[in-house]
Each structure stands twice: as structure tokens, then as C-alpha cells.
Amino acid sequence: MLDIKNLRVAVDGKEILKGLTLKVEAGRVHAIMGPNGSGKSTLSYVLAGRSGYDITEGSITYNGEDLAALAPEERAARGVFLAMQYPVEIPGVTTMMFLKSALNAQRRSRGELELDAITVLKRVRAKAAALNVSEEMLKRALNVGFSGGEKKRLEILQMALFEPSLAILDETDSGLDIDALRLVAEGVNSLRTPERAMLVITHYQRLLDYIVPDRIHVLAKGRIVAEGGKELALELEAKGYEQIVKDAA
């Protein structure tokens, strides 16, 4: 599904990713771990198409297409979804209005009929209940005044509603207490399917207690330096990133 080869990315002329190679197959959950400044969020932004992240070398192929050639909205329409570490607040736009507009924008891009407000509301309510997203949250301005846990639950609700083929979760555990972490992880796990791939980006092993990955990759200084199964996360917890990077050198 996703095939990244020798990817080099610069931001304001400074190289951040330095020859990253990664392959993610449909139905698989891959975790990207690494210290601050290793390039984890840069990878997520490049995949989503954020401006200012310049690919200087390498390729990103998604379902046989050159992902870098597609605009961000085209990537979204083709099933690429990014759950951001710091979700954006949009004053004046209700959560429900945003969900309806985004869902129908994707449907238009795929040549599908738009859904009316009642149909969207029914779909949202059906998925919101499992994530403890209240009616009151749906009426509020998008993410404005939301707690960290509310913002992350809302992003998983978006993922459930948009049904992406490739979901990129950038530090979904950031700012969550243990109860919120469990709830969000349960929402993510409920969306695991043989057709959907997930790329879970995190600093800490604790998230991977709840979202168990098929493969873990350790990113340091812009490239993958170690790979393994779920036991690698426990090794990282015990040794720390510095020692793992030294061992891989």
C-alpha cells in the first residue's frame, strides 16, 4: 500500500529526513518511535502533503500512485488520513458542520453523491457514542476549548467517519491520561481491518500496550536505525533511545 524509498526531506533548507525507506502493507499496523527531533512528525506531514516540506530525493508510492504528485485534498479523497499531534482549532465552525463538509468534500472528489444533513447526523451519532463524543461536543466550535482527550477522541471519530485506507496517527497519546488513552486506543483498534493500514507515531511504549503493532521502526537523525516486532518497544523502554541507536550503529 505505502512504499517509501530513500526519502530525503528538507525544511527551510535544513535536511530532516535523510534517506528513509519504509514499506507498509494493507491490514498492518506499523509504529514509528524515536527521540525528539528524529523526523517523526516530518514524515507524517510529508505523507499528508503539508507545504514547506520539500522532497529533495526519493519516492513515495501509495496504491501504485506517486503520492508526492497529489495535492493534500486529493490524498484525503484517496484515503490518506492524518490525526495530528496538535489538532487545529477553528472558531465559528461547529464540529458537526466540519464533519459534514469534510465528508461530502471527499465524496464529491470520488464522484459520489453528497449526503444530506440528517444522514450525516445519523452516521456521526452512531460512531460518536462508542468514543464518548457527546452531542454538546458536536455543537461546539471545532476543538475550541476541548481538552486533550476530547480533541483526540474527535480525531478518531473523524477516522471512523471518513474510513481511510491509510491512517497516520501522530503522537495520539500526547497529553492523554490513562483513561483517555484506553478509550482512544479502543477506538483505533476497532478500526483495524484487512484493507486499512495504520502508521502509529509515538515516543513511548505505553501506547503500544493498547495498540499492538505488527512492526516497529526506530527513527533517529532522519533515518530508520532499528526494526523489529512488538518486543522492540520493551527494549526501548529498558535501554532508552541512545543505547538502541548505538547498538544499531
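The values are calculated or read from the model by the stated rules, or taken from the named source; none is laboratory data. The structure displayed is predicted, hence computed values, not measured ones. Here the Cβ positions follow ideal geometry from the backbone for every residue, glycine too, while neighbour counts run over all protein chains shown.
Against the conditions (1) in contact (Cβ under 8 Å) with a residue 60 or more places away in the chain; (2) surrounded by fewer than 14 Cβ atoms within 10 Å (Cβ to Cβ); (3) under 14 Å from the mean Cα position of the chain (by Cα), Glu195 satisfies every one except (3).
Collect the residues in the range 91-116 that are in contact with a strand residue (DSSP E or B) (Cβ under 7 Å, 6 or more places away or on another chain) and either at pLDDT below 90 or of a type in the set (Val, Ile, Thr) (or both), keeping them in residue-number order. I'd like the intermediate steps shown before the answer.
First pass over the range 91-116, keeping only residues in contact with a strand residue (DSSP E or B) (Cβ under 7 Å, 6 or more places away or on another chain): 91-95, 98.
Residues satisfying the conditions are Val93, Thr94, Thr95.
Checked against (1) at pLDDT below 95; (2) in a helix (DSSP H, G or I); (3) buried (at least 17 other Cβ atoms within 10 Å of the Cβ), Val133 meets all criteria but (2).
Asn36 fulfils the conditions (1) surrounded by fewer than 16 Cβ atoms within 10 Å (Cβ to Cβ); (2) out of contact with any His (no Cβ under 9 Å at 6 or more places or on another chain); (3) outside any strand (DSSP E or B); (4) of a type outside the set (Phe, Trp, Tyr) except for a single criterion, (2).
Going by the structure shown, is Val93 over 19 Å from Arg50 (Cβ atoms), surrounded by 13 or more Cβ atoms within 10 Å (Cβ to Cβ) and of a type in the set (Val, Ile, Thr)?
Taking the combined requirement at face value, the residue satisfies it.
Got at least one residue in the range 62-73 being of a type outside the set (S, T, N, Q), within 27 Å of Phe146 (Cα to Cα) and modelled with pLDDT under 95? Looking through the range 62-73, at least one residue is of a type outside the set (S, T, N, Q), within 27 Å of Phe146 (Cα to Cα) and modelled with pLDDT under 95.
Taken over the range 1-44, the criterion of being hydroxyl-bearing (Ser, Thr, Tyr) and either touching a helix residue (DSSP H, G or I) at 6+ places or on another chain (Cβ under 9 Å) or closer than 11 Å to Ile224 by Cβ (or both) is satisfied by Thr21, Ser38.
The helices (runs of 4 or more DSSP H) found wholly in the range 62-128 and carrying at least 1 residues that are more than 18 Å from the chain's Cα centre (by Cα) occupy 95-109, 117-128. Total residues in the range 178-219 satisfying the condition of being modelled with pLDDT under 90 and in contact with a Gly (Cβ under 7 Å, 6 or more places away or on another chain): the figure is 1. No other residue among Asp54, Asp66, Asp12 is at positive phi, surrounded by fewer than 16 Cβ atoms within 10 Å (Cβ to Cβ) and not basic (Lys, Arg) apart from Asp12. Of all the criteria given as (1) in a strand (DSSP E or B); (2) more than 21 Å from Gly34 (Cα to Cα), the one not satisfied by Val225 is (2). Could you tell me whether any residue of the range 17-28 is closer than 20 Å to Lys152 by Cα and either of a type outside the set (Phe, Trp, Tyr) or at pLDDT 95 or above (or both)? Checked the range 17-28: no residue is closer than 20 Å to Lys152 by Cα and either of a type outside the set (Phe, Trp, Tyr) or at pLDDT 95 or above (or both). Restricting attention to the range 144-179, the residues that are β-branched (Val, Ile, Thr), more than 14 Å from Leu99 (Cα to Cα) and not in a loop (DSSP other than H, G, I, E, B) total 2.
Scanning the range 155-173 finds no residues that are surrounded by fewer than 21 Cβ atoms within 10 Å (Cβ to Cβ) and more than 18 Å from Val80 (Cα to Cα).
Taking every residue in the range 118-138 that is touching a residue at least 12 places away in the same chain (Cβ under 8 Å) and pairing it with any residue that is surrounded by 11 or more Cβ atoms within 10 Å (Cβ to Cβ) and hydroxyl-bearing (Ser, Thr, Tyr), at least 6 positions away or on another chain, the pairs with Cβ-Cβ distances below 6 Å are Leu138/Thr95. Under the condition of being in contact (Cβ under 8 Å) with a residue 60 or more places away in the chain and closer than 26 Å to Asp179 by Cα, the residues counted in the range 208-231 number 7.
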